[in-house]
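Report on one structure; see the data block that follows.
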Amino acid sequence: MKNVLVTGGAGFIGANFVHHMLRTYPDYRVVVYDKLTYAGNPANVAPVAKNPNYAFVHGDICNREQVRAAVKQHNIDTIVNFAAETHVDRSILDPDAFVQTDVYGAFVLCEIAKELRLERLHHISTDEVYGPIPTGKFKETDRFKPTSPYAASKAGGELLVISYFLTYGLPITITRGVNTYGPYQFLEKAIPLFITNAIEDQPIPLYGDGSMIRDRLYVLDHARAIDVVLHRGTLGEAYNVAADMERTNLDVSRKILALLNKPETLIQRALDRPAHDVRYALDTEKLGALGWEPQMYFEQGLEETVQWYVDNQAWWRPLKNGAYLDYYQKQYIERR
Ligand code: NAD
Ligand code: DAU
C-alpha cells in the first residue's frame, strides 16, 4: 500500500484518519476525495494541506468517471471509503441522498476497484446495520436488522461490498464502528450539538427520557482500528470496532454541562426519534486478536473534546449558518 484514496476524508472520522495516516506513515500518499456536502469541510484537512504527501480531489463517489479519473491520476492502490450521508435524523426527514451515496456510491467504488484491480477496498460501516440489542453484544456473524433509512442504506452498501468479494474475489475489508466522538465532528450530532449549545446557553434537546445507550468510541481509537485492519486484517472479513464505554444520553448531557459549569436546567426534552434504537453493543474479540484495543477512557475523551470545542470556536461558529439553522428549525422547532 502506497497511494491511498480516502473518500469522505473531509468529514469527521475521515479527516481524523487522514491526520493519523500522514503522522504514522511518512512514505504513504494520502488523497482525499470528497463531494464537500454540508458535512464536508476543507477546514478539517487544513492542518495537512501543505503536506507534500497529501492531495485533495473534489468529487462524488456516485460519479464513476470522476472516481476512475482520480484513481488513475494519483496511481491509487487502496480506497478507504468513509463517504456517506451519516445523520440518522436527516435520513428520516429526507432519505433520498442516503440511498444514492451509501448504496449506489459504494457500488461505484466496488466497480472501479474491480476494473482497475486495486489492492484493497476498505469500507467503513456501522454498528447500526445490526439494529438494536437490549442486552448482550453482536458478533460479526450476526444478522443485519437495521431500523432507520440511514442504517438500511449502510447495510445495503456493505452487502454489495461483501458480494464483490464473494462473487469476483475483490480484495475488501470492512469495519463496523460504534458511536464516535472527538474533534471536527459536525454540529448536528448529539455530542457536538450539546457542547456548542451549552457554550451558547442554548437548550440541549434530549430525545425521550435520555435513557438510550450508545457505546462511545474516541475518534483516534476508531482511526487506529481502521489502520490495523488495513495492515493486518483478513481479506473478505468484517471487524467490529467498539470501546466498551456505554453511557446513556442523559449521562453524557449532564457530564457536558458539568464540564462547562452550566446548569442542568438547559436540558430540554425533545420529541423522540422514530424507531429510536435503545442500545447498540459490539463484541470486539476478532479485532482484539489483531492487536487493537481502545486507549481512550470516555470521561477523559469527553473532557478533551469539550476543551477542543471551547478552543476552536473559529472552526464551529461559521457552521451555525443558514443551512444548518434551517435544518435545526425543521428537526427541533417544527416537529415539537
Ligand atoms: P460525516 O458526515 O462527518 O462526513 C461524511 C463525509 O462524506 C463528508 O466529508 C461529505 O462531504 C462526504 N460525502 C458525502 N457524500 C459524498 C459523496 N457522494 N461523494 C463523496 N463524498 C461524499 O461522517 P462521519 O461521521 O465522519 O462518518 C464517516 C463514515 O463512518 C460513514 O461511512 C459513517 O457511516 C461511518 N460511521 C460513523 C460513525 C459516527 O459515529 N460518526 C460511527 C460508525 C461508522
Ligand atoms: O453508532 C454509530 C452511528 O453513530 C453512526 O453510524 C452514525 O453515522 C452516527 O451519526 C451515530 O449515530 P447516532 O444516532 O448514535 O448519533 P447521534 O449523535 O445522532 O445520536 C446519539 C444519541 O443521542 C441517540 O440516542 C439520539 C440522541 N440524540 C441525538 C440528537 C442529535 C438526542 O437525544 N438529541 C439530539 O438532538
- For the chain, the longest principal axis of the Cα atoms and the Cα long axis of helix 64-73 enclose an angle in degrees, to the nearest 10, of 70
- Query: Ranked highest first by average number of other Cβ atoms within 10 Å, how do 297-306, 171-180 line up?
  - Reply: 171-180, 297-306
- Leaving ligands, DNA and RNA out of it, report the carbon-plus-sulfur percent of the accessible area of the chain at a 1.4 Å probe. 51
- Per DSSP, loop trypsin sites (Lys or Arg not before Pro) in the range 1-97 with at most 16 further Cβ within 10 Å: K2, K50
- Item | Normalised convex hull volume, the range 161-231, alpha-carbon set, Å³ per residue | 125
- Task: Step through the table entries K2/K137; K189/K286; K137/K255, compare each Cα-Cα distance with 30 Å, and write down the pairs that go over it.
- Result: K2/K137
- Item | Antiparallel bridges, percent of DSSP beta bridges restricted to the chain (to nearest 5) | 10
- Note on the structure: Phi-derived 3J(HN,Hα) across the range 114-131 with the Karplus relation (6.51, -1.76, 1.60, θ = phi - 60°), rounded Hz, x for Gly and Pro, is 6, 4, 9, 6, 5, 5, 7, 10, 9, 10, 8, 10, 9, 5, 5, 5, 6, x
- Query: What are the ³J(HN,Hα) values, in whole Hz, obtained from phi via the Karplus relation 6.51 cos²θ - 1.76 cosθ + 1.60 with θ = phi - 60°, for each residue of the range 180-192 in sequence order, with x given for Gly and Pro?
  - Reply: 10, 9, x, x, 6, 7, 4, 5, 6, 6, 3, 5, x
- Task: Read phi for every residue in the range 252-264 and hand back ³J(HN,Hα) as whole Hz from Karplus 6.51 cos²θ - 1.76 cosθ + 1.60, θ = phi - 60°, with x for Gly and Pro.
- Result: 5, 5, 5, 5, 4, 4, 5, 5, 9, 6, 10, x, 5
- Note on the structure: The answer for the net charge of residues other than Y104 whose Cβ lies under 15 angstrom from its Cβ, with Lys and Arg +1 and Asp and Glu -1, is -4
- Query: Going highest first, how would you order 76-87, 266-277, 108-119 by mean Cβ packing within 10 Å?
  - Reply: 76-87, 108-119, 266-277
- Given backbone amide H placed at 1.01 Å from N, residues whose amide H is under 5 Å from that of L282, ignoring those fewer than 5 places away on the same chain, are F138
- Message: What does the net charge come to around N51 if you take all other residues with beta carbon closer than 13 Å to its beta carbon, with K and R at +1 and D and E at -1?
- Response: +2
- Item | Label point 7 Å beyond Cα of L159 along Cβ direction - residues of the range 76-117 with amide nitrogen under 16 Å | 99-100, 102-107
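Relative contact order for the range 176-250 using alpha-carbon pairs under 8 Å, separation at least 6, rounded to a whole percent?
45
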- Query: Can you put V71, V57, V310 in order of accessible area, largest first, using a 1.4 Å probe?
  - Reply: V310, V57, V71
- Query: By accessible area of protein heavy atoms, probe 1.4 Å, what ranking do M21, M296 get, highest first?
  - Reply: M296, M21
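Over the chain, what is the mean sequence separation of C-alpha contacts under 8 Å (at least six apart), divided by residue count, expressed as relative contact order in percent?
Across the chain, relative contact order equals 17 percent.
Quick one: accessible area per residue over the range 37-136, 1.4 Å probe, rounded to a whole number of Å²?
Computed with neighbouring chains in place, this is 42 Å² per residue.
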- Computed over the range 205-336, the relative contact order (Cα-Cα under 8 Å, seq sep at least six) in percent reads 38
- Task: Provide the three semi-axes, in whole Å and in decreasing order, of the ellipsoid equivalent to the range 1-138 as defined by the square roots of 5 times the Cα gyration tensor eigenvalues.
- Result: 25, 17, 16
- Cut-off under 5 Å, modelled amide H: who pairs with G236 long-range: I172, T173
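The values are calculated or read from the model by the stated rules, or taken from the named source; none is laboratory data. On a predicted model such as this, the values are computed, not experimentally measured, just so you know. Neighbour counts are summed over all protein chains in view; Cβ atoms, including those assigned to glycine, are modelled from backbone coordinates with ideal geometry. When the accessible area is computed, the model is the full protein with side chains, heavy atoms only, and any ligands, DNA or RNA have been set aside. Shrake-Rupley method; radii C 1.70, N 1.55, O 1.52, S 1.80 Å.
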